[in-house]
Amino acid sequence: MRLSRYFLPVLKENPADAQIVSHRYMLRAGMIRQQAAGIYSWLPLGFRVLRRIEEIVHQEQVRAGHIPLLMPTLQPADLWRESGRYDDYGQEMLRIKDRHERDMLYGPTNEEMITDIFRSHVSSYKDLPLTLYHIQWKFRDELRPRFGVMRGREFLMKDGYNFDIDKDAALHAYNRHMVSYLRTYERMGLTAIPMRAASGPIGGDNTHEFLVLANTGESEVFYDDRVTSLKLGARDIDYDDRSQVAEVCKEFTTLYARTDETHDQAVFDQIPEAHRKVGRGIEVGQIFYFSTKYSEPMGAVVVNDKGERVPVHMGSHGIGVSRLLGAIIEASHDDKGIIWPEGVTPFPVGIVNLKQGDSAADAACEGLYKALKAKGLEALYDDRDERAGAKFATMDLIGLPWRITVGPRGLANGVVELTSRRTGESEEMSPEAAVDRVAQIYAGR
Ligand code: ATP
Ligand code: MG
């Protein structure tokens, strides 16, 4: 993408109403625009990151054996009357009437609808296990929408639902989700710690929230700091192997890590003092096992291998896709701007032409741009007729992890400069070597 033809409405001033750094940088980098309280347009740069995050979520869900579909944002109230949640959900639910005076709502979540789909099409244990998920916009009329996309009213969520024949199978689905989530967040460059949580309006006893540590997080968290160094890494997971998946979950949930809702001071006090930490975290996901809470009232029943009709065991599992942009920025920035992890960056690399109009510099930039494209990498090429300082400031603000700087002086020696946004370190090399290096960095993405 050539910056001269792109739409990147960068703000010079700090927006007055943005209280936390991720909100500030998302506005300044021209990623989002607020249209009403907690409701945003996703401008091109923000949209690219959102799509990238969605893609990672999809890939890891499919890898775990889960099946994508798409349910609508608007739902009939009658489904929610069946589960009893139409009255329980309260003011966060946006209720709408259509022209025939039928009660509708903008879905805050989809347990009822997925249960309806299931009961209409599945009737035998032979069709289980089954996990369906979608990535769809939700609406919750939050009392205090704030912090930009972190607590929006309209927000994008991945929500998945497992259907299993019994509790053991459903707990395996729960574990599978935990492991797939760990991998998902790691690919985004995040450490998200599974913490024992309380269940709220979804119901059920078995639940973990995934928290990214950040001072600006809304949840108070208590943990043994050794959990922060656990990594899933590249290990091979067989998602059908119940004991392997359970082992991984055990590894990640044995050390103390809880939110204030489930915190137990007596247990916490037994952690060696040097490892005992109280902090704040951003909830980027949550998994639940809730047994037959929805299947029973809604008649999601299958015939088991003994010919008996039994309600299925279910769980639901959510990832805050749009909130993740904020969480990643909170975890990865400096005073100049965002520092995108390679996994989610809107563009893998930026090209800065120090002297637009200089024929050698222009030709070298074009060459780099094409060579990167040939390797499947779309660079953001700053081809504007601007001062070098302004170009650097824009690149630093929007946070591409790598920058190639091209100027007549370097080219006279046959070199360009490759700079890491994270460390600030630069290295001179030939344009070909720079392309190879960047391609290598993204090879495993
Ligand atoms: P919170 O406690 O932050 O209100 P929740 O527990 O009600 O969230 P869930 O029903 O668990 O939310 O939804 C799954 C995920 O969706 C959450 O972990 C969070 O990352 C995200 N999410 C929930 N509410 C919002 C919101 N208002 N704006 C952006 N993301 C949200
Ligand atoms: Mg939650």
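Nothing in this text is a laboratory measurement; each read-out follows from the coordinates by a stated rule. Since the model is a prediction, treat every value here as computed from it, not as a measurement. Please note: Cβ atoms are built from the backbone with ideal geometry, for glycine as well, and neighbour counts cover all protein chains shown.
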If the chain between residue 82 and residue 33 were fully stretched, how many nm would it gain, using 0.36 nm times the residue separation less the Cα-Cα distance? 13.9 nm
Could you tell me which of rounded, prolate or oblate describes segment 3-338, using a ≥ b ≥ c as the square roots of the eigenvalues of the alpha-carbon gyration tensor, with rounded for a/c under 1.5 and, failing that, prolate when a/b is larger than b/c and oblate otherwise? oblate
Positive dipole terminus of segment 270-407, leading residue within 331, 364, 287 (C-beta point charges): 287
Rounded to whole Å, give me the distance from the Cα center of segment 149-187 to that of segment 26-46. 27 Å
Please report 262, 345 as a ranked list, fewest other C-beta atoms within 10 angstrom at the top and most at the bottom. 262, 345
Once residue 310 and residue 236 are pulled to full extension, the length gained, defined as 0.36 nm per residue separation minus their Cα-Cα distance, is 23.2 nm
By its C-alpha gyration tensor, with a ≥ b ≥ c as the square roots of the eigenvalues, how is segment 349-441 shaped: rounded for a/c under 1.5, else prolate for a/b larger than b/c, else oblate? rounded
Total charge dipole magnitude, segment 349-441, about the Cα centre, Cβ charges on Lys, Arg, Asp, Glu only, Debye to nearest 20: 160 debye
Note to self: C-alpha centroids of segment 349-427 and segment 66-130 sit apart, in Å, by 50 Å
Most fluctuating of 297, 68, 346 in the GNM of the chain (C-alpha, under 10 Å) is 297
Computed about the Cα centre, the charge dipole of segment 82-180 from +1 Lys/Arg and -1 Asp/Glu charges at the Cβ has a magnitude in debye, to the nearest 20, of 460 debye
Candidates 307, 279, 217; GNM for the chain (alpha-carbon contacts under 10 Å) flags as most fluctuating 307
If every Lys and Arg gets +1 and every Asp and Glu gets -1 at its Cβ, then about the Cα centre segment 3-338 yields a dipole, in debye to the nearest 20, of 1260 debye
Please arrange 210, 155 by how many other C-beta atoms lie within 10 Å of their C-beta, fewest to most. 155, 210
Given labels modelled 7 Å from the Cα in the Cβ direction, how far is it in nm from residue 373 to residue 387? 3.1 nm
Residue 94 to residue 10: extension gain in nm, 0.36 nm per residue of separation minus the Cα-Cα distance? 26.9 nm
